[in-house]
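Below: one structure, written as structure tokens.
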Amino acid sequence: MSESVKIVGAGLCGSLMSIYLARRGYTVDLFEARGDLRKETLPAGRSINLALANRGLRALGEVGLGEQVRKLLTVMRGRMIHDEAGKTEFQAYGQRPWEVIYSVSRPGLNALLLDAAENEHGVRIHFRHPCQAIDLESDRLVLLDETSEEPLELPLTTTIAADGAGSVIRQALETAGRVESRTDWLEHAYKELTIPPSSVDHWRIEPHALHIWPRGGYMLIALPNLDHSFTVTLFLPTHGEPGFDQLDTPEAAGRFFDASFPDTRALIPDLEKAFFVNPVAPLGTVRCAPWNVGGQVCLIGDAAHAIVPFHGQGMNAAFEDCLELDRHLETSNGNFEEAFRRFSESRKPSADAIADMALENYVEMRDSVRDPAFLLRKAVAFELERRSPERFVPRYSMVMFRSDVSYAEAQRRGAIQGLILDQITHGQSSLEDCDMDAADVLVHTSLEPLPPASTP
Ligand SMILES: Cc1cc2nc3c(=O)[nH]c(=O)nc-3n(C[C@H](O)[C@H](O)[C@H](O)COP(=O)(O)OP(=O)(O)OC[C@H]3O[C@@H](n4cnc5c(N)ncnc54)[C@H](O)[C@@H]3O)c2cc1C
């Protein structure tokens, strides 16, 4: 049994995993390529804030961080849809008071996790230690100590690779022919902007919602921050009309916002300049298998399964990985080879499921949310949930609020529910027109009951 574990990457997933391992009594060396984000200002990188939901909160709660994390959160109860005329419409995410999601600052949450990891007996964090290579044959993990500029070589055995979507470890495993991996790039990219607080330190728009400006082929979203600002993200095709390649001058960016998001012009000061502060960043889905090579190395979080951000689940899935791997360590009695294998095999179907659902959700967010047919399906889904809460739970709710239902199961049940909604809403324009008795029969014959939901 290995008593000492190396984790590469002290981002969201690696730092939480180190806490889980320390609680099991392991000594953990956590190697991070960048400097300590608590002490230095690092380039913003991607997504300044994130949506945290039930799965992530549960994994954080299991190691006693729930209370501390809650102080960093802003509740979002639903989507606030902004149309071209500046009219807004609120669409609740769920039907019960706890069916909400939360906005959290990435650096704030990462700093909390680093503090918590450092407070654990047995965790040592090594900043500015990028992993440069691995060698499976000679069992070597090669890092660079950027302070001394000396290479550091350690046994590879029992390394967890939490080095994110561009994982050098995954790429090395692929080159060695030990894993198969594919990255599917989306033809859309993103860019971040900011809505600052108003002069009196108030939010300029409703704080307890995830704002969406859906425009069919593209969209703008905004999530609240604790300092009363909003982080705004434009998702747009990389090329085309409109496309990021066309928005290459301040005037072009200004004209685009005037035409597509006129109500944001009063919210984002000096947009023409602000538009060029942050880069255009790509979006992709990483599908890879297996995630481990024996007990030597195991991929986790985005390194194993990066997804597009439209379901707000990448971090949540990465946190859930930590919980799942921990459970496999428990049932494998600390045999890492067995735990890594079981984790990879059992978790992969769920990673594939959330990757698919995240892609589907892009169309929902940028387009369907303004479609009356979508709104009718949502109304019927909520009504069916009210009638049969143990059997019919809208797919979005299963993914966001039910960590006891795996992503794979949410996708499977969601497909059955989708067919019921197709049948019941076909040709109808309002909930009153739909044959809910027929829907009840379909629900009871095609969906087996779920265990009762626990109230968080
Ligand atoms: C625009 C956008 C919006 C998103 N919104 C959401 C959301 O709302 N909700 C949600 O749940 N998820 C969201 N995500 C996904 C989320 O950001 C990721 O799933 C999450 O960060 C994964 O955590 P991780 O620790 O696996 O990877 P990362 O957070 O990428 O951390 C990897 C760490 O490894 C370090 N590293 C990299 N290479 C090396 C190396 N060679 N050696 C040592 N260290 C290394 C990095 O510096 C970093 O600290 C979003 C993603 C994007 C791009």
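Read-outs throughout are calculated quantities, based only on the coordinates presented, and are distinct from any laboratory measurement. Owing to the predicted nature of the structure, the values given are computational and were not obtained by experimental measurement. With ideal geometry, Cβ positions are generated from the backbone for all residues, glycine too; neighbour counts draw on all protein chains shown.
See the values below:
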item: Pair-distance profile P(r), taking every C-alpha pair of the chain, with 20 angstrom steps and integer %; result: 24, 55, 21, 1
item: For region 212-251, convex hull volume per residue from C-alpha positions, Å³; result: 86
item: Residue-by-residue Karplus 3J(HN,Hα) for region 369-382, coefficients 6.51, -1.76, 1.60, Hz, glycine and proline x; result: 4, 9, 8, x, 5, 5, 5, 5, 4, 5, 5, 5, 4, 5
item: Placed amide H near residue 126: partners under 5 Å, 5+ positions off or other chain; result: 30, 31, 32
item: Residues with amide H under 5 Å from that of residue 284, placed H, sequence gap 5 or more; result: 186
item: Alpha-carbon gyration tensor eigenvalues x 5, square-rooted, for region 162-231, Å; result: 38, 16, 8
item: Expected 222 nm ellipticity per residue - DSSP helices of 4 or more, -39500 (n - 2.57), all of the chain, to 500; result: -11500 deg cm²/dmol
item: Amide H contacts under 5 Å for residue 5, placed H, 5+ residues apart; result: 27, 28, 29
item: For region 36-41, Karplus couplings with θ = phi - 60° (6.51, -1.76, 1.60), whole Hz, Gly/Pro x; result: 7, 5, 7, 10, 9, 7
item: Positive minus negative residues near residue 154 (Lys, Arg vs Asp, Glu; Cβ under 14 Å); result: -3
item: Stokes-Einstein translational diffusion, region 371-446 - Kirkwood Rh over all Cα pairs, 0.890 mPa s, 25 °C, in µm²/s; result: 197
item: Debye-sum result for region 327-408 in log10 I(q)/I(0), which assumes one identical scatterer on each alpha carbon, at q = 0.22, 0.23 Å⁻¹; result: -1.07, -1.12
item: Viscosity 1.306 mPa s, temperature 10 °C, Stokes-Einstein D of region 187-262 from Kirkwood C-alpha radius, µm²/s; result: 120
